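To start, the structure itself, in structure tokens.
The values are calculated or read from the model by the stated rules, or taken from the named source; none is laboratory data. Please read all numbers here as calculations on a predicted model, not as lab measurements. Here the Cβ positions follow ideal geometry from the backbone for every residue, glycine too, while neighbour counts run over all protein chains shown. Ligands, DNA and RNA are stripped out before the accessible areas are found, and what is left, the full protein with its side chains, is counted by its heavy atoms. Shrake-Rupley method; radii C 1.70, N 1.55, O 1.52, S 1.80 Å.
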Amino acid sequence: TGHCESFATAMALLARGVGVPSRVATGFAGGEPLPLGDGLLFRAAHAHAWAEVLIPGEGWRIADATPLGPPTAVAARPF
């Protein structure tokens, strides 16, 4: 569990650790179709962060390490 910002940062740091240039990008993912079908509506819930890695000769490629699916709650366990 976690937030996309954490997964994106970890991915970028791991890539840099093995010598691959990387960066964290932010924007929106998903969106809701507008009623008339002429575009998308983006809400704060659609905000997302992901990592991008530089592949020589190909440019920047998305490397999104965020797990698919809705976030899950973690129940606290007594020690």
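Summary of values
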read-out	value
Filtered residues of the stretch 2-13 (kept if within 13 Å of the chain's Cα centre (by Cα) and not acidic (Asp, Glu))	Gly2, His3, Cys4, Ser6, Phe7, Ala8, Thr9, Ala10, Met11, Ala12
Residues within the stretch 14-32 that are more than 14 Å from the chain's Cα centre (by Cα) and open to solvent by 100 Å² or more (accessible area, probe 1.4 Å), tallied	3
Residue match in the stretch 44-58 (condition: open to solvent by 100 Å² or more (accessible area, probe 1.4 Å), touching a strand residue (DSSP E or B) at 6+ places or on another chain (Cβ under 7 Å), at pLDDT 95 or above and more than 16 Å from Gly2 (Cβ to Cβ))	no
Pairs where the first residue, in the stretch 43-58, is more than 18 Å from Ala8 (Cα to Cα) and the second is open to solvent by 60 Å² or more (accessible area, probe 1.4 Å) and assigned to a strand (DSSP E or B), C-beta under 9 Å, 6+ apart	Arg43/Phe28; Arg43/Glu32
